[in-house]
Amino acid sequence: MNTRTTPLQEHEKKLFVGRQKELSHVLGLIESGLNCAVSGSPGTGKTTFLNRLDSEIKKKYAVVRLSMPVADTAYFYKKILYALTDLIPEEHTEIKEKLAYTQEVETLIRFLFKGETHSSLEEEQMLSLLGTLLKRQELWRHQLFSIEEMRRASVKLIKAVGKKVVFLVDDLDKALGEDSPRGNVPQRLLAFFLENHEVLNSGKSVWIFSLSKDFYDDMQGFIRAEVKSGLLAIVNDIIPLPVFTEDEFRELLFSRMDGIPQKFFTEDALRLFFGLAKGNPRILMFLLTQMLHAFPKKKDITLTAADILDLLKDSLSLDEKSTAIMQRASEDSYVMAGDNRLKESTGLDTVSLALRMSDLASKKLLVVDYIDKQKIFRLPFIHGEAVSEGGNHDS
């Protein structure tokens with residue numbers, strides 16, 4: 001059983017669910033030598049998608065994985081150079097040595113300017129480095145990499161690989177500032193691309209980025225036309241990774257729980273999980289993990305929606321009456337304000353129940369629907385079919 005929330009790795013390929021259409025599309029763009037990006041909400045599997053793409057293409061292309069915690073050009077080039085010198089280690093040792101020296105000097109400078117203790121640096125290395133800086137200043141300057149030198153070296157190494165290099169860059173827009181006002185990130189990303197245009201277009205390189213759903217929405221919406229056209233000239237296509245469909249969610253659940261989720265959870269509990277996660281695999285896995293850890297004494301007992309709601313009611317801001325409504329919604333396809341069983345269990349009349357259900361809908365814990373013009377409330381995402389009858393039972 002694998003319910004952790006971190007991205008799937010290569011050895012877990014069999015647990016990969018859905019995304020076949022998007023995967024085929026990106027593979028076609030790579031074959032054509034076109035850059036692209038995949039976008040999605042947090043937890044929808046962008047990093048897992050890149051990991052799956054990596055395993056799919058690495059036999060045919062050279063693949064370089066980059067993480068970008070900051071959108072710093074010097075940092076960007078260093079990451080490229082380190083990755084490429086590992087790809088072709090028998091060549092360009094001078095570049096690797098120069099990178100290492102530059103990194104040592106920058107580390108030393110950071111320690112000196114911050115006034116921190118030097119216990120993490122070997123004393124002998126530090127003294128030797130200081131001696132080099134003081135006695136042989138010209139050599140020091142010559143051995144340090146400037147940004148322009150790193151740019152030229154990056155272009156040189158990409159061309160030296162000898163075959164198509166696919167760069168997979170995860171969450172680049174986060175490096176540009178999560179706190180930036182809506183619409184600013186695409187402009188900053190375009191500026192970053194233009195600054196590094198020569199590297200992004202060198203050799204037979206293809207660049208695949210993952211970006212947030214907000215970025216994709218901005219691209220479809222209110223950013224300036226010239227910014228949009230400029231970005232699409234560099235990133236030829238942006239492919240959204242939507243939330244999972246209900247069928248994909250079932251397959252995900254069964255694949256991660258050895259094909260027997262009903263061994264651990266009752267049907268109403270599984271329906272509740274679907275409603276709370278709303279197609280987001282990370283949330284689903286988080287909820288499953290939390291429940292399995294929270295009830296170790298019940299490991300041989302199938303957990304119910306009542307068990308889960310008892311644990312989550314404070315974090316969901318549910319009192320006893322709202323908890324009863326959520327429990328009933330987990331057990332049935334829908335609930336309605338005139339339900340006599342709910343009136344009896346909550347002690348509320350029809351009007352009060354309607355207000356409660358509307359409040360739960362405003363919190364997105366229920367959704368409003370209609371049957372024969374009769375207003376009803378149901379769990380989000382799940383539409384009545386039994387969860388335990390779906391998925392891949394042979395996983």
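The values are calculated or read from the model by the stated rules, or taken from the named source; none is laboratory data. Values in this document were obtained by computation on a predicted structure and should not be read as measured data. Backbone-built Cβ (ideal geometry, glycine too); neighbour counts: all protein chains shown.
Taking first residues from the range 198-222 that are in contact (Cβ under 8 Å) with a residue 60 or more places away in the chain and crowded, with 16+ Cβ neighbours inside 10 Å and partners that are in a helix (DSSP H, G or I) and polar (S, T, N, Q), the Cβ contacts under 8 Å between residues at least 6 apart in sequence or on separate chains come to 199/154; 210/47. Only helices (runs of 4 or more DSSP H) whose full extent lies in the range 191-272 are considered here, and the ones with at least 2 residues that are farther than 28 Å from residue 152 by Cβ are 213-220, 225-234, 246-256.
Quick check on residue 289: is it within 23 Å of residue 7 (Cβ to Cβ) and in the same structural domain as residue 367 (by TED's automatic domain parsing)? Spelling it out, residue 289 is indeed within 23 Å of residue 7 (Cβ to Cβ) and in the same structural domain as residue 367 (by TED's automatic domain parsing).
Residue 300 passes every criterion in (1) outside any helix (DSSP H, G or I); (2) at pLDDT 85 or above apart from (2). Pairs meeting the criteria (first residue in the range 35-50 and within 18 Å of residue 207 (Cα to Cα) and of a type in the set (D, E, K, R), second residue assigned to a helix (DSSP H, G or I) and modelled with pLDDT under 90, beta carbons under 8 Å, at least 6 apart or on different chains) are lacking.
None of 292, 276, 311, 272 is among the aliphatic types (A, V, I, L, M) and under 21 Å from the mean Cα position of the chain (by Cα) except 276. Do you know which residues across the range 23-46 are modelled with pLDDT of 90 or more and either assigned by TED's automatic domain parsing to the domain that holds residue 292 or surrounded by fewer than 18 Cβ atoms within 10 Å (Cβ to Cβ) (or both)? Answer for the range 23-46, where residues must be modelled with pLDDT of 90 or more and either assigned by TED's automatic domain parsing to the domain that holds residue 292 or surrounded by fewer than 18 Cβ atoms within 10 Å (Cβ to Cβ) (or both): 23, 24, 25, 27, 28, 29, 31, 32, 33, 34. Exactly one residue out of 163, 213, 228, 156 is assigned by TED's automatic domain parsing to the domain that holds residue 102, in contact with a Ser or Thr (Cβ under 6 Å, 6 or more places away or on another chain) and modelled with pLDDT of 80 or more: that is 213. For residue 64, state whether it is at pLDDT 90 or above and not in a helix (DSSP H, G or I). Yes; evaluated as a whole, the condition is true for this residue. Among residues that are outside any helix (DSSP H, G or I) and among the β-branched types (Val, Ile, Thr), residue 17 is included. When residues in the range 237-260 are screened for being over 26 Å from residue 213 (Cα atoms) and surrounded by 23 or more Cβ atoms within 10 Å (Cβ to Cβ), 0 of them pass.
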